[in-house]
1. Let me spell out the model: positive unit charges on the Cβ of Lys and Arg, negative unit charges on the Cβ of Asp and Glu, origin at the Cα centre of the range 1-110. What dipole size does that give, in debye rounded to 20?
2. Rounded to the nearest 500 deg cm²/dmol, what is the calculated helix-only ellipticity per residue at 222 nm for the chain, with -39500 (n - 2.57) per DSSP H run of length n ≥ 4?
3. Please list, ordered by chain and number, the residues whose modelled amide H lies under 5 Å from the amide H of G86; skip anything fewer than 5 residues away on the same chain.
4. Roughly how many Å² of T71 are accessible to a 1.4 Å probe, to the nearest 10?
5. Please give the contour-minus-distance gain from D47 to V27: 0.36 nm per residue of separation, less the Cα-Cα distance, rounded to one decimal in nm.
6. Read phi for every residue in the range 32-45 and hand back ³J(HN,Hα) as whole Hz from Karplus 6.51 cos²θ - 1.76 cosθ + 1.60, θ = phi - 60°, with x for Gly and Pro.
7. Quick one: accessible area per residue over the chain, 1.4 Å probe, rounded to a whole number of Å²?
8. List the residues, sorted by chain then number, that are 5 or more residues from I112 or on another chain and whose placed amide H is less than 5 Å from its amide H.
Amino acid sequence: MNYAIILSGGTGSRMTGLDVPKQYYQVDGRSILSYCIGTVSALERVDRYVIVAAMQWRDTISGEMALLARTYPSVTDKFHGFADPGENRQESILHGLNVLKQIAKEEDLVLIQDAARPLTSGELIENCFAAAGRADAD
């Protein structure tokens, strides 16, 4: 099976002038994160996904997911849950992996996607999974 971890725990401290972390900034009536969720959840190759996000943003994310689910039912169907962010990116990834550990097997693949990269195409993600599936790594 294939999983995704969407990293949305950052504070966006390097981007000045916003009153929210950049992944929650609204573009055309949606947060940047919601575009990422839509792309990841719509892919047939992604079976389940986890969102790493601070507790204070989870209600906002859940509300956006409910709106997205009207167009993309897989948004809620594939959502496995939230993970707490860590002190840095590596810890955040670890927390996401720990949530997936409940359902994933050793041979499964996990994609790490940054929520602040909303233009990552489904084709690129598919290619990443395909390449990882061909890799000979233990």
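1. 140 debye
2. -12000 deg cm²/dmol, from helical runs alone.
3. Under 5 Å from the amide H of G86 lie the amide H atoms of S92, each far enough along the sequence or on another chain.
4. Counting only protein heavy atoms, the figure is 100 Å².
5. Net length gain for the segment: 4.5 nm.
6. Here the 3J(HN,Hα) series is 4, 4, 4, 5, 4, 4, x, 5, 4, 6, 7, 6, 4, 5 Hz.
7. That works out to 58 Å² for each residue.
8. Amide H to amide H, under 5 Å and 5 or more residues apart or across chains, I112 pairs with I5.
The values are calculated or read from the model by the stated rules, or taken from the named source; none is laboratory data. Keep in mind it's a predicted model, so treat the numbers as computed, not measured. Positions of Cβ are generated from backbone atoms using ideal geometry, with glycine treated the same way; all protein chains shown enter the neighbour counts. For accessibility, only protein heavy atoms count, side chains too; no ligands or nucleic acids. Shrake-Rupley method; radii C 1.70, N 1.55, O 1.52, S 1.80 Å.
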